[in-house]
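One structure below.
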Amino acid sequence: MKIAIEGCAHGELEKIYESIELLEQKGNLKIDLLICCGDFQATRNEKDLRTMAVKPKYRQMGTFYKYYVGEKIAPILTIFIGGNHEASNHLQELPYGGWVAPNIYYLGYAGVVNYGGLRIAGISGIYKPYDYCKGHFEKPPYSESTKKSVYHIRNTEIFRLKQIKSPLDICLSHDWPRGVYNYGNVKKLLKAKQFFEEDIKKNTLGSEPCEELLFHLKPRFWFAAHLHCKFSALIPHKGDNGDECTKFLALDKCLPKRKFLQVVDIPHDENEKLELLYDLEWLTILHYTNHLTSVKPHMNPLPAPGCDERWDFTPTEEEKYFILQKMGGNLQIPQNFDASESDVPSLKRGLSINHQTRELCDKLGIDDPMTLFEGYPSPGTVETLDLNDSSCTDDLTFGDSANENSFSLADSEKDESESPQSCGKIALVLPPPKFSDSLNEELEERSESDISRELEEDKSSEQALFVIDESPKRPVEEEVAKTITGPKKFKRRNKDIYWNNDE
(Lines give C-alpha, C1' and ligand atoms only; values in the text may rest on other atoms or scores of the structure.)
Protein backbone atom coordinates (compact mmCIF):
# COMPACT_ATOMS: atom_id res chain seq x y z
CA MET A 1 0.00 0.00 0.00
CA LYS A 2 1.42 3.38 -1.00
CA ILE A 3 0.89 5.96 1.75
CA ALA A 4 1.74 9.67 1.50
CA ILE A 5 3.02 11.07 4.81
CA GLU A 6 2.67 14.81 5.44
CA GLY A 7 4.42 16.71 8.23
CA CYS A 8 2.69 19.88 9.46
CA ALA A 9 -0.14 20.75 7.08
CA HIS A 10 -0.72 24.30 8.43
CA GLY A 11 -4.02 24.60 6.58
CA GLU A 12 -2.57 24.12 3.08
CA LEU A 13 -4.71 21.10 2.27
CA GLU A 14 -5.38 22.14 -1.33
CA LYS A 15 -1.67 22.41 -2.12
CA ILE A 16 -0.93 19.07 -0.49
CA TYR A 17 -3.49 17.33 -2.70
CA GLU A 18 -2.09 19.11 -5.75
CA SER A 19 1.40 17.86 -4.89
CA ILE A 20 0.12 14.30 -4.53
CA GLU A 21 -1.69 14.52 -7.86
CA LEU A 22 1.49 15.69 -9.55
CA LEU A 23 3.43 12.89 -7.92
CA GLU A 24 0.96 10.31 -9.20
CA GLN A 25 1.19 11.69 -12.73
CA LYS A 26 4.98 11.83 -12.82
CA GLY A 27 5.53 8.51 -11.08
CA ASN A 28 2.68 6.62 -12.74
CA LEU A 29 1.44 5.38 -9.38
CA LYS A 30 -1.65 5.57 -7.18
CA ILE A 31 -1.53 6.80 -3.60
CA ASP A 32 -3.92 4.84 -1.39
CA LEU A 33 -3.87 6.99 1.76
CA LEU A 34 -2.69 10.37 3.06
CA ILE A 35 -1.59 10.69 6.70
CA CYS A 36 -1.05 14.13 8.28
CA CYS A 37 0.94 14.42 11.50
CA GLY A 38 -0.72 17.46 13.08
CA ASP A 39 -1.23 21.21 12.75
CA PHE A 40 -3.95 20.26 10.31
CA GLN A 41 -5.99 23.42 11.05
CA ALA A 42 -9.52 22.27 10.25
CA THR A 43 -10.91 25.80 10.39
CA ARG A 44 -14.47 26.11 9.11
CA ASN A 45 -15.01 29.81 9.77
CA GLU A 46 -13.76 32.90 11.60
CA LYS A 47 -15.00 31.53 14.92
CA ASP A 48 -12.77 28.48 14.55
CA LEU A 49 -9.85 30.64 13.50
CA ARG A 50 -10.02 32.62 16.73
CA THR A 51 -9.49 29.47 18.82
CA MET A 52 -6.07 28.79 17.30
CA ALA A 53 -3.15 29.61 19.58
CA VAL A 54 -1.24 31.78 17.10
CA LYS A 55 -0.70 35.50 16.64
CA PRO A 56 -3.68 37.17 14.94
CA LYS A 57 -1.59 38.11 11.90
CA TYR A 58 -0.70 34.44 11.41
CA ARG A 59 -4.30 33.25 11.60
CA GLN A 60 -4.92 32.20 8.03
CA MET A 61 -8.12 30.47 7.00
CA GLY A 62 -6.29 28.05 4.72
CA THR A 63 -8.21 25.84 2.32
CA PHE A 64 -9.85 23.24 4.58
CA TYR A 65 -13.19 25.08 4.54
CA LYS A 66 -13.59 24.29 0.82
CA TYR A 67 -13.70 20.59 1.68
CA TYR A 68 -15.92 21.15 4.71
CA VAL A 69 -18.65 22.99 2.78
CA GLY A 70 -18.46 20.62 -0.18
CA GLU A 71 -16.91 23.05 -2.65
CA LYS A 72 -14.20 20.41 -3.12
CA ILE A 73 -13.95 16.73 -2.23
CA ALA A 74 -10.74 15.22 -0.85
CA PRO A 75 -9.40 13.06 -3.71
CA ILE A 76 -7.78 10.60 -1.33
CA LEU A 77 -8.73 9.23 2.09
CA THR A 78 -6.99 11.45 4.64
CA ILE A 79 -6.31 10.55 8.28
CA PHE A 80 -4.86 13.13 10.66
CA ILE A 81 -4.07 13.86 14.29
CA GLY A 82 -4.11 17.21 16.08
CA GLY A 83 -1.07 19.35 16.82
CA ASN A 84 -0.60 22.61 18.71
CA HIS A 85 -2.09 24.90 16.03
CA GLU A 86 -5.63 23.67 15.57
CA ALA A 87 -9.26 24.80 15.49
CA SER A 88 -9.66 23.37 18.96
CA ASN A 89 -13.39 24.02 19.29
CA HIS A 90 -13.97 21.95 16.15
CA LEU A 91 -11.78 19.03 17.17
CA GLN A 92 -13.20 18.94 20.71
CA GLU A 93 -16.51 17.89 19.19
CA LEU A 94 -14.79 14.63 18.15
CA PRO A 95 -12.85 13.38 21.20
CA TYR A 96 -13.02 9.79 19.91
CA GLY A 97 -12.46 10.75 16.28
CA GLY A 98 -14.72 11.30 13.32
CA TRP A 99 -15.13 12.89 9.91
CA VAL A 100 -14.34 16.61 9.68
CA ALA A 101 -15.24 16.59 5.98
CA PRO A 102 -16.05 13.89 3.43
CA ASN A 103 -13.05 11.56 3.12
CA ILE A 104 -11.08 13.38 5.88
CA TYR A 105 -10.94 11.57 9.23
CA TYR A 106 -9.64 12.80 12.60
CA LEU A 107 -8.30 10.22 15.08
CA GLY A 108 -9.46 12.14 18.17
CA TYR A 109 -7.52 12.74 21.38
CA ALA A 110 -6.15 9.26 20.70
CA GLY A 111 -7.41 6.55 18.44
CA VAL A 112 -6.80 3.37 16.48
CA VAL A 113 -8.34 2.48 13.13
CA ASN A 114 -7.86 -0.21 10.51
CA TYR A 115 -7.36 0.43 6.80
CA GLY A 116 -6.66 -2.32 4.31
CA GLY A 117 -5.45 -4.59 7.10
CA LEU A 118 -3.07 -1.99 8.58
CA ARG A 119 -3.58 -0.86 12.18
CA ILE A 120 -2.98 2.88 12.54
CA ALA A 121 -2.80 4.53 15.97
CA GLY A 122 -2.38 8.19 16.83
CA ILE A 123 -2.08 10.62 19.73
CA SER A 124 -3.02 14.29 19.25
CA GLY A 125 -1.41 17.35 20.81
CA ILE A 126 1.93 18.04 22.46
CA TYR A 127 3.31 17.18 25.88
CA LYS A 128 3.41 19.66 28.77
CA PRO A 129 4.05 18.07 32.20
CA TYR A 130 1.97 20.60 34.16
CA ASP A 131 -1.24 19.58 32.35
CA TYR A 132 -0.45 15.92 31.73
CA CYS A 133 -2.32 14.46 34.72
CA LYS A 134 -5.41 16.70 34.51
CA GLY A 135 -8.72 15.99 32.89
CA HIS A 136 -9.83 17.60 29.64
CA PHE A 137 -11.28 20.58 31.48
CA GLU A 138 -11.05 23.06 28.59
CA LYS A 139 -14.14 24.08 26.66
CA PRO A 140 -15.32 27.02 24.57
CA PRO A 141 -15.20 29.92 25.09
CA TYR A 142 -11.49 29.50 25.76
CA SER A 143 -9.46 31.73 28.02
CA GLU A 144 -5.95 32.79 27.05
CA SER A 145 -4.72 29.85 29.11
CA THR A 146 -7.14 27.14 28.00
CA LYS A 147 -6.83 27.84 24.29
CA LYS A 148 -3.27 26.54 24.74
CA SER A 149 -3.75 23.80 27.33
CA VAL A 150 -6.59 22.31 25.25
CA TYR A 151 -4.06 20.69 22.93
CA HIS A 152 -1.86 19.26 25.69
CA ILE A 153 -1.65 15.45 25.88
CA ARG A 154 -3.28 13.84 28.93
CA ASN A 155 -2.31 10.73 30.87
CA THR A 156 -5.69 9.09 30.20
CA GLU A 157 -4.99 8.73 26.47
CA ILE A 158 -1.47 7.40 27.10
CA PHE A 159 -2.86 4.93 29.65
CA ARG A 160 -5.44 3.69 27.15
CA LEU A 161 -2.90 3.27 24.36
CA LYS A 162 -0.67 1.26 26.71
CA GLN A 163 -3.45 -1.32 27.08
CA ILE A 164 -2.99 -2.32 23.42
CA LYS A 165 -1.32 -5.69 23.03
CA SER A 166 -1.99 -6.63 19.40
CA PRO A 167 0.76 -5.42 17.01
CA LEU A 168 0.46 -1.96 15.47
CA ASP A 169 1.70 -1.09 12.01
CA ILE A 170 1.77 2.72 12.27
CA CYS A 171 1.82 5.20 15.13
CA LEU A 172 1.38 8.96 14.69
CA SER A 173 2.29 11.80 17.00
CA HIS A 174 2.85 15.51 16.56
CA ASP A 175 5.70 15.64 19.07
CA TRP A 176 8.76 13.52 18.44
CA PRO A 177 9.23 10.75 20.99
CA ARG A 178 12.03 11.86 23.27
CA GLY A 179 15.38 10.33 22.44
CA VAL A 180 14.74 9.27 18.82
CA TYR A 181 17.62 11.51 17.78
CA ASN A 182 19.96 8.95 19.39
CA TYR A 183 19.06 6.46 16.65
CA GLY A 184 19.58 8.65 13.58
CA ASN A 185 22.04 11.09 12.07
CA VAL A 186 22.09 13.63 14.89
CA LYS A 187 25.06 15.41 13.31
CA LYS A 188 23.01 16.19 10.23
CA LEU A 189 20.05 17.22 12.39
CA LEU A 190 22.15 19.76 14.27
CA LYS A 191 23.41 21.24 11.01
CA ALA A 192 19.83 22.14 10.17
CA LYS A 193 18.68 22.96 13.71
CA GLN A 194 21.70 24.11 15.70
CA PHE A 195 19.57 25.27 18.62
CA PHE A 196 18.46 21.67 19.35
CA GLU A 197 21.90 20.90 20.73
CA GLU A 198 21.30 21.94 24.34
CA ASP A 199 18.04 20.01 24.62
CA ILE A 200 19.59 16.95 23.00
CA LYS A 201 22.46 17.01 25.51
CA LYS A 202 19.93 17.21 28.35
CA ASN A 203 17.66 14.61 26.69
CA THR A 204 14.68 16.96 26.84
CA LEU A 205 13.92 17.31 23.13
CA GLY A 206 10.64 15.56 22.42
CA SER A 207 7.82 13.97 24.38
CA GLU A 208 8.45 11.65 27.31
CA PRO A 209 4.99 9.97 27.07
CA CYS A 210 5.54 9.30 23.35
CA GLU A 211 8.92 7.78 24.19
CA GLU A 212 7.16 5.43 26.63
CA LEU A 213 4.63 4.49 23.96
CA LEU A 214 7.34 3.91 21.37
CA PHE A 215 9.07 1.26 23.47
CA HIS A 216 5.85 -0.18 24.84
CA LEU A 217 3.90 -0.54 21.58
CA LYS A 218 6.90 -1.20 19.28
CA PRO A 219 5.07 -0.28 16.06
CA ARG A 220 6.62 -0.98 12.68
CA PHE A 221 6.54 2.72 11.76
CA TRP A 222 6.28 5.98 13.68
CA PHE A 223 5.61 9.29 11.91
CA ALA A 224 5.79 12.76 13.49
CA ALA A 225 6.19 16.48 12.69
CA HIS A 226 6.26 19.61 14.91
CA LEU A 227 9.98 20.46 14.80
CA HIS A 228 9.86 21.54 11.13
CA CYS A 229 12.64 19.40 9.73
CA LYS A 230 13.08 15.98 8.17
CA PHE A 231 14.70 13.31 10.29
CA SER A 232 14.77 9.52 10.14
CA ALA A 233 15.85 6.90 12.63
CA LEU A 234 15.81 3.16 13.23
CA ILE A 235 14.89 2.23 16.82
CA PRO A 236 15.70 -1.35 17.90
CA HIS A 237 13.52 -3.37 20.28
CA LYS A 238 13.85 -6.67 22.04
CA GLY A 239 10.78 -8.70 21.16
CA ASP A 240 9.33 -12.11 21.78
CA ASN A 241 10.18 -13.08 18.22
CA GLY A 242 13.73 -11.81 18.35
CA ASP A 243 15.01 -8.34 17.54
CA GLU A 244 12.45 -5.90 16.14
CA CYS A 245 12.69 -2.28 15.09
CA THR A 246 10.58 0.84 14.54
CA LYS A 247 11.26 2.99 11.50
CA PHE A 248 10.82 6.64 12.51
CA LEU A 249 10.31 9.53 10.13
CA ALA A 250 9.60 13.18 10.93
CA LEU A 251 8.78 15.67 8.18
CA ASP A 252 8.74 19.43 7.74
CA LYS A 253 5.85 21.86 7.30
CA CYS A 254 4.16 22.56 3.97
CA LEU A 255 6.36 25.25 2.42
CA PRO A 256 8.46 25.54 -0.74
CA LYS A 257 11.85 23.83 -0.62
CA ARG A 258 10.86 21.97 2.55
CA LYS A 259 10.78 18.19 2.91
CA PHE A 260 7.16 18.01 3.95
CA LEU A 261 5.85 15.02 1.98
CA GLN A 262 7.09 11.50 1.38
CA VAL A 263 5.57 8.30 0.02
CA VAL A 264 6.18 5.00 1.76
CA ASP A 265 5.30 1.54 0.50
CA ILE A 266 3.98 -0.73 3.24
CA PRO A 267 2.90 -4.28 2.34
CA HIS A 268 -0.59 -5.18 3.51
CA ASP A 269 -3.08 -8.00 3.16
CA GLU A 270 -4.36 -7.54 -0.38
CA ASN A 271 -7.45 -9.58 0.49
CA GLU A 272 -8.55 -6.77 2.80
CA LYS A 273 -10.76 -4.07 1.30
CA LEU A 274 -9.45 -0.51 1.36
CA GLU A 275 -12.10 0.72 3.77
CA LEU A 276 -11.81 2.50 7.11
CA LEU A 277 -12.78 0.37 10.10
CA TYR A 278 -13.00 0.85 13.84
CA ASP A 279 -10.43 -1.18 15.76
CA LEU A 280 -12.16 -3.70 18.02
CA GLU A 281 -9.39 -3.81 20.62
CA TRP A 282 -9.42 -0.02 20.90
CA LEU A 283 -13.22 0.22 21.17
CA THR A 284 -13.13 -2.37 23.95
CA ILE A 285 -10.49 -0.38 25.83
CA LEU A 286 -12.59 2.79 25.49
CA HIS A 287 -15.64 1.02 26.92
CA TYR A 288 -13.92 -0.50 29.95
CA THR A 289 -11.94 2.67 30.79
CA ASN A 290 -14.87 5.05 30.40
CA HIS A 291 -14.89 5.71 34.17
CA LEU A 292 -11.42 7.29 33.81
CA THR A 293 -12.72 10.09 31.56
CA SER A 294 -12.44 13.40 33.41
CA VAL A 295 -13.24 17.05 32.67
CA LYS A 296 -11.93 18.34 35.98
CA PRO A 297 -9.01 20.81 36.12
CA HIS A 298 -7.05 18.87 38.71
CA MET A 299 -5.16 15.59 39.01
CA ASN A 300 -6.83 12.58 37.48
CA PRO A 301 -5.23 9.54 39.18
CA LEU A 302 -5.18 6.33 37.17
CA PRO A 303 -5.12 2.75 38.46
CA ALA A 304 -1.75 1.05 38.77
CA PRO A 305 -0.45 -2.37 39.85
CA GLY A 306 -1.17 -3.03 43.51
CA CYS A 307 -4.32 -0.91 43.74
CA ASP A 308 -7.71 -2.29 44.79
CA GLU A 309 -9.32 -1.85 41.37
CA ARG A 310 -8.70 -3.16 37.90
CA TRP A 311 -5.60 -1.63 36.36
CA ASP A 312 -4.92 -3.89 33.35
CA PHE A 313 -7.53 -3.22 30.67
CA THR A 314 -6.06 -5.34 27.89
CA PRO A 315 -9.28 -6.79 26.47
CA THR A 316 -10.13 -10.46 26.77
CA GLU A 317 -11.72 -12.30 23.87
CA GLU A 318 -15.03 -12.31 25.74
CA GLU A 319 -14.87 -8.54 26.24
CA LYS A 320 -14.10 -7.94 22.57
CA TYR A 321 -16.97 -10.17 21.54
CA PHE A 322 -19.30 -8.23 23.85
CA ILE A 323 -18.27 -4.93 22.20
CA LEU A 324 -18.60 -6.41 18.73
CA GLN A 325 -22.19 -7.32 19.62
CA LYS A 326 -22.82 -3.75 20.85
CA MET A 327 -21.57 -2.51 17.48
CA GLY A 328 -24.04 -4.77 15.72
CA GLY A 329 -21.24 -6.94 14.37
CA ASN A 330 -20.17 -4.14 12.03
CA LEU A 331 -16.90 -2.24 12.52
CA GLN A 332 -17.08 -0.17 9.35
CA ILE A 333 -16.85 3.53 10.19
CA PRO A 334 -20.09 5.06 8.87
CA GLN A 335 -19.95 7.85 6.30
CA ASN A 336 -22.08 10.07 8.53
CA PHE A 337 -20.47 13.48 8.14
CA ASP A 338 -23.02 16.31 8.28
CA ALA A 339 -21.80 19.90 8.17
CA SER A 340 -25.22 21.29 9.07
CA GLU A 341 -25.08 19.94 12.64
CA SER A 342 -21.54 20.89 13.58
CA ASP A 343 -22.19 24.53 14.45
CA VAL A 344 -25.43 23.95 16.38
CA PRO A 345 -25.11 24.51 20.17
CA SER A 346 -26.58 21.43 21.81
CA LEU A 347 -26.10 21.96 25.54
CA LYS A 348 -27.24 24.53 28.06
CA ARG A 349 -23.80 26.11 28.22
CA GLY A 350 -23.71 26.57 24.45
CA LEU A 351 -21.36 23.64 23.84
CA SER A 352 -21.72 21.62 20.66
CA ILE A 353 -22.42 17.91 20.52
CA ASN A 354 -21.37 16.32 17.25
CA HIS A 355 -23.83 13.68 16.08
CA GLN A 356 -20.94 11.35 15.15
CA THR A 357 -19.71 11.39 18.75
CA ARG A 358 -23.23 10.94 20.08
CA GLU A 359 -23.88 7.91 17.87
CA LEU A 360 -20.59 6.22 18.80
CA CYS A 361 -21.06 6.91 22.51
CA ASP A 362 -24.59 5.52 22.41
CA LYS A 363 -23.38 2.30 20.78
CA LEU A 364 -20.39 1.81 23.06
CA GLY A 365 -22.04 3.01 26.26
CA ILE A 366 -19.39 5.66 26.95
CA ASP A 367 -19.50 9.36 27.83
CA ASP A 368 -18.97 12.28 25.52
CA PRO A 369 -16.72 14.59 27.59
CA MET A 370 -18.80 17.57 26.45
CA THR A 371 -21.88 16.18 28.19
CA LEU A 372 -19.95 15.89 31.46
CA PHE A 373 -19.61 19.68 31.63
CA GLU A 374 -23.34 19.94 32.27
CA GLY A 375 -22.86 18.69 35.79
CA TYR A 376 -19.57 20.38 36.51
CA PRO A 377 -18.97 24.12 37.05
CA SER A 378 -16.69 26.08 34.77
CA PRO A 379 -13.11 26.10 36.16
CA GLY A 380 -11.95 29.56 37.15
CA THR A 381 -12.88 32.83 35.51
CA VAL A 382 -13.27 32.84 31.75
CA GLU A 383 -10.95 35.42 30.27
CA THR A 384 -11.65 37.29 27.05
CA LEU A 385 -9.81 36.22 23.93
CA ASP A 386 -6.81 38.49 23.39
CA LEU A 387 -6.42 39.24 19.70
CA ASN A 388 -2.89 40.49 20.38
CA ASP A 389 -1.77 37.06 21.55
CA SER A 390 1.93 36.42 20.96
CA SER A 391 1.90 32.67 21.51
CA CYS A 392 3.41 31.81 18.14
CA THR A 393 6.49 33.33 16.55
CA ASP A 394 6.83 31.01 13.59
CA ASP A 395 6.40 32.97 10.36
CA LEU A 396 4.03 31.10 8.07
CA THR A 397 3.95 33.54 5.16
CA PHE A 398 5.97 33.69 1.99
CA GLY A 399 5.93 35.45 -1.34
CA ASP A 400 4.80 34.77 -4.88
CA SER A 401 7.04 32.84 -7.23
CA ALA A 402 7.98 33.99 -10.69
CA ASN A 403 6.97 30.68 -12.23
CA GLU A 404 6.10 27.17 -11.16
CA ASN A 405 9.74 26.11 -11.01
CA SER A 406 11.08 29.19 -9.25
CA PHE A 407 10.27 29.77 -5.59
CA SER A 408 10.83 32.64 -3.23
CA LEU A 409 10.70 32.93 0.52
CA ALA A 410 11.50 36.61 0.36
CA ASP A 411 8.58 37.75 2.47
CA SER A 412 9.23 35.22 5.21
CA GLU A 413 12.91 36.13 5.37
CA LYS A 414 12.08 39.75 6.25
CA ASP A 415 11.69 41.01 9.77
CA GLU A 416 8.09 40.64 10.98
CA SER A 417 7.72 44.39 11.47
CA GLU A 418 8.52 45.24 7.86
CA SER A 419 5.36 44.04 6.19
CA PRO A 420 2.65 42.79 8.56
CA GLN A 421 -0.01 43.59 5.96
CA SER A 422 1.46 41.00 3.63
CA CYS A 423 0.17 38.28 5.93
CA GLY A 424 -3.41 38.91 4.90
CA LYS A 425 -3.22 36.67 1.85
CA ILE A 426 -0.86 33.84 1.10
CA ALA A 427 0.18 33.06 -2.45
CA LEU A 428 1.43 29.52 -2.07
CA VAL A 429 3.28 27.73 -4.83
CA LEU A 430 4.93 24.45 -3.92
CA PRO A 431 7.77 22.72 -5.74
CA PRO A 432 6.76 19.75 -7.90
CA PRO A 433 7.40 16.51 -6.00
CA LYS A 434 10.39 14.59 -7.21
CA PHE A 435 10.01 10.93 -8.11
CA SER A 436 12.89 8.70 -9.05
CA ASP A 437 12.92 5.09 -10.18
CA SER A 438 16.35 4.42 -8.74
CA LEU A 439 18.93 5.85 -6.41
CA ASN A 440 21.30 6.55 -9.29
CA GLU A 441 18.71 8.60 -11.16
CA GLU A 442 18.08 10.73 -8.11
CA LEU A 443 21.77 11.30 -7.44
CA GLU A 444 22.36 12.42 -11.04
CA GLU A 445 20.15 15.45 -10.40
CA ARG A 446 22.40 16.71 -7.62
CA SER A 447 25.66 18.55 -7.85
CA GLU A 448 28.87 16.60 -7.27
CA SER A 449 29.64 18.55 -4.09
CA ASP A 450 26.15 17.90 -2.71
CA ILE A 451 26.47 14.18 -3.38
CA SER A 452 29.88 13.84 -1.78
CA ARG A 453 28.78 15.77 1.29
CA GLU A 454 25.62 13.70 1.68
CA LEU A 455 27.36 10.37 1.23
CA GLU A 456 30.16 11.35 3.59
CA GLU A 457 27.67 12.22 6.32
CA ASP A 458 25.68 9.03 5.87
CA LYS A 459 28.19 6.54 4.47
CA SER A 460 27.45 4.04 7.25
CA SER A 461 23.67 4.35 7.00
CA GLU A 462 20.87 4.51 4.45
CA GLN A 463 18.69 6.55 6.78
CA ALA A 464 19.28 9.86 5.02
CA LEU A 465 16.89 8.89 2.25
CA PHE A 466 14.78 6.70 4.55
CA VAL A 467 12.74 5.01 1.88
CA ILE A 468 10.42 2.72 3.76
CA ASP A 469 9.78 -0.57 2.01
CA GLU A 470 9.45 -3.98 3.56
CA SER A 471 10.58 -5.73 0.36
CA PRO A 472 14.24 -6.86 0.64
CA LYS A 473 16.95 -5.21 -1.46
CA ARG A 474 14.51 -2.90 -3.17
CA PRO A 475 15.93 0.36 -4.62
CA VAL A 476 14.66 3.78 -3.72
CA GLU A 477 11.27 4.28 -5.40
CA GLU A 478 9.65 7.25 -3.77
CA GLU A 479 11.25 10.45 -2.55
CA VAL A 480 9.02 13.50 -2.59
CA ALA A 481 10.00 17.16 -2.55
CA LYS A 482 13.57 16.32 -1.56
CA THR A 483 16.13 19.06 -2.08
CA ILE A 484 19.65 18.91 -0.71
CA THR A 485 20.50 22.25 0.81
CA GLY A 486 23.29 23.61 2.94
CA PRO A 487 22.91 24.58 6.59
CA LYS A 488 20.08 27.02 7.08
CA LYS A 489 20.65 30.42 8.55
CA PHE A 490 19.13 30.47 12.02
CA LYS A 491 16.55 33.17 12.60
CA ARG A 492 15.97 34.13 16.24
CA ARG A 493 12.24 34.62 15.77
CA ASN A 494 11.92 30.92 14.88
CA LYS A 495 13.85 29.85 17.94
CA ASP A 496 11.11 30.85 20.36
CA ILE A 497 8.63 28.23 19.20
CA TYR A 498 10.82 25.41 20.54
CA TRP A 499 11.18 26.82 24.06
CA ASN A 500 7.91 28.66 24.56
CA ASN A 501 6.06 26.84 27.32
CA ASP A 502 2.84 26.84 25.36
CA GLU A 503 4.16 25.95 21.91
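The values are calculated or read from the model by the stated rules, or taken from the named source; none is laboratory data. Since we're looking at a predicted model, the values are computed, not measured. Ideal geometry is used to build each Cβ from the backbone, glycine not excepted, and the neighbour counts take in all protein chains shown. Remember, those area values only see protein heavy atoms, side chains included, never the ligands or the DNA or RNA. Shrake-Rupley method; radii C 1.70, N 1.55, O 1.52, S 1.80 Å.
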- [ ] Only residues that are modelled with pLDDT under 95, charged (D, E, K, R) and part of a helix (DSSP H, G or I): list them for the stretch 52-71, please.
- [x] 57
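Residue check: is residue 31 modelled with pLDDT of 95 or more and under 13 Å from residue 260 (Cβ atoms)?
It is false that residue 31 is modelled with pLDDT of 95 or more and under 13 Å from residue 260 (Cβ atoms).
Collect the residues in the stretch 252-267 that are charged (D, E, K, R) and assigned to a strand (DSSP E or B), keeping them in residue-number order.
253, 265, listed by residue number.
Would you pick out the residues in the stretch 257-308 that are hydrophobic (A, V, I, L, M, F, W, C) and either in contact with a Cys (Cβ under 9 Å, 6 or more places away or on another chain) or within 21 Å of residue 334 (Cα to Cα) (or both)? So that I can check it myself, show each step before the final result.
Quick first cut of the stretch 257-308, residues hydrophobic (A, V, I, L, M, F, W, C) only: 260-261, 263-264, 266, 274, 276-277, 280, 282-283, 285-286, 292, 295, 299, 302, 304, 307.
Within the stretch 257-308, 260, 261, 274, 276, 277, 280, 282, 283, 285, 286, 299, 302 qualify.
Determine, yes or no, whether residue 74 is out of contact with any Lys or Arg (no Cβ under 7 Å at 6 or more places or on another chain), part of a loop (DSSP other than H, G, I, E, B) and surrounded by fewer than 21 Cβ atoms within 10 Å (Cβ to Cβ).
Numbers: out of contact with any Lys or Arg (no Cβ under 7 Å at 6 or more places or on another chain): yes; part of a loop (DSSP other than H, G, I, E, B): yes; surrounded by fewer than 21 Cβ atoms within 10 Å (Cβ to Cβ): yes.
Answer is yes for this residue.
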- [ ] Filter the stretch 93-146 down to residues that are of a type in the set (Lys, Arg) and over 20 Å from residue 178 (Cβ atoms) and give me whichever is nearest to the chain's Cα centre (by Cα).
- [x] 119
TODO: Might you check whether a residue that is touching a strand residue (DSSP E or B) at 6+ places or on another chain (Cβ under 8 Å) and of a type in the set (Val, Ile, Thr) occurs anywhere in the stretch 139-159?
DONE: yes
- [ ] For residues that are open to solvent by 10 Å² or more (accessible area, probe 1.4 Å) and within 24 Å of residue 270 (Cα to Cα), tally how many sit in the stretch 1-25.
- [x] 5
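Please specify each residue of the stretch 26-40 satisfying the condition of being open to solvent by 10 Å² or more (accessible area, probe 1.4 Å) and assigned to a loop (DSSP other than H, G, I, E, B). Spell out the reasoning first.
First, pick out the residues of the stretch 26-40 that are open to solvent by 10 Å² or more (accessible area, probe 1.4 Å): 26-30, 32.
Answer for the stretch 26-40, where residues must be open to solvent by 10 Å² or more (accessible area, probe 1.4 Å) and assigned to a loop (DSSP other than H, G, I, E, B): 28, 29, 30, 32.
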- [ ] Run residue 131 past the list (1) under 18 Å from residue 111 (Cα atoms); (2) touching a Ser or Thr at 6+ places or on another chain (Cβ under 6 Å) and report the number of the one that doesn't hold.
- [x] (1)
Task: Filtered residues of the stretch 273-288 (kept if over 24 Å from the mean Cα position of the chain (by Cα) and under 18 Å from residue 319 (Cα atoms)) - done: 287, 288
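Based on this model, can you work out whether residue 100 counts as of a type outside the set (Gly, Ala, Ser), open to solvent by less than 30 Å² (accessible area, probe 1.4 Å) and either at pLDDT 95 or above or at negative phi (or both)? Before the answer, list the steps.
Details: of a type outside the set (Gly, Ala, Ser): yes; open to solvent by less than 30 Å² (accessible area, probe 1.4 Å): yes; either at pLDDT 95 or above or at negative phi (or both): yes.
So residue 100 fits the description; yes.
Being closer than 22 Å to residue 304 by Cβ, part of a loop (DSSP other than H, G, I, E, B) and open to solvent by 20 Å² or more (accessible area, probe 1.4 Å) narrows it down to one of 141, 167, 129, so name that one.
Working: 141 fails: closer than 22 Å to residue 304 by Cβ; 167 fails: closer than 22 Å to residue 304 by Cβ.
Among 141, 167, 129, only 129 is closer than 22 Å to residue 304 by Cβ, part of a loop (DSSP other than H, G, I, E, B) and open to solvent by 20 Å² or more (accessible area, probe 1.4 Å).
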Open item on the list: What's the number of the only condition in (1) under 13 Å from residue 249 (Cα atoms); (2) among the β-branched types (Val, Ile, Thr); (3) touching a helix residue (DSSP H, G or I) at 6+ places or on another chain (Cβ under 6 Å) that residue 156 fails to meet?
Closed with: (1)
Open item on the list: I'm trying to understand the selection: among the residues of the stretch 13-48, which are free of Cβ contacts under 8 Å to residues at least 24 places away in the same chain and farther than 20 Å from residue 63 by Cα?
Closed with: 24, 25, 28
- [ ] Given the conditions (1) open to solvent by 10 Å² or more (accessible area, probe 1.4 Å); (2) more than 13 Å from residue 250 (Cβ to Cβ); (3) in contact (Cβ under 8 Å) with a residue 40 or more places away in the chain, report the number of the one that residue 161 does not fulfil.
- [x] (1)
Task: Pair list, Cβ under 7 Å, 6 or more apart: the stretch 352-363 residue assigned to a helix (DSSP H, G or I), other residue of a type in the set (D, E, K, R) and open to solvent by 20 Å² or more (accessible area, probe 1.4 Å) - done: 355/338; 355/341; 361/367; 363/326
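Got a sec? Which of 257, 238 is open to solvent by 10 Å² or more (accessible area, probe 1.4 Å) and either of a type in the set (Asp, Glu) or in contact with a Leu (Cβ under 8 Å, 6 or more places away or on another chain) (or both)?
Numbers: 238 fails: either of a type in the set (Asp, Glu) or in contact with a Leu (Cβ under 8 Å, 6 or more places away or on another chain) (or both).
None of the others qualify; the one that does is 257.
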Task: So residue 147, is it part of a loop (DSSP other than H, G, I, E, B) and not hydrophobic (A, V, I, L, M, F, W, C) - done: no
Open item on the list: If residue 270 meets every condition in (1) in a loop (DSSP other than H, G, I, E, B); (2) among the charged types (D, E, K, R); (3) under 25 Å from the mean Cα position of the chain (by Cα) apart from one, which number is that one?
Closed with: (3)
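Just name the residue that is most open to solvent (accessible area, probe 1.4 Å) out of those in the stretch 273-312 that are among the hydrophobic types (A, V, I, L, M, F, W, C) and in a loop (DSSP other than H, G, I, E, B). Let's see the steps before the verdict.
Going residue by residue through the stretch 273-312, those that are among the hydrophobic types (A, V, I, L, M, F, W, C) are 274, 276-277, 280, 282-283, 285-286, 292, 295, 299, 302, 304, 307, 311.
Adding the requirement that they be in a loop (DSSP other than H, G, I, E, B) leaves 274, 295, 302, 304, 307, 311.
Working: 274: 84, 295: 7, 302: 46, 304: 46, 307: 53, 311: 107 Å².
The extreme case among them is 311.
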TODO: Determine if the stretch 285-304 includes at least one residue that is under 20 Å from residue 17 (Cα atoms) and at pLDDT 95 or above.
DONE: no
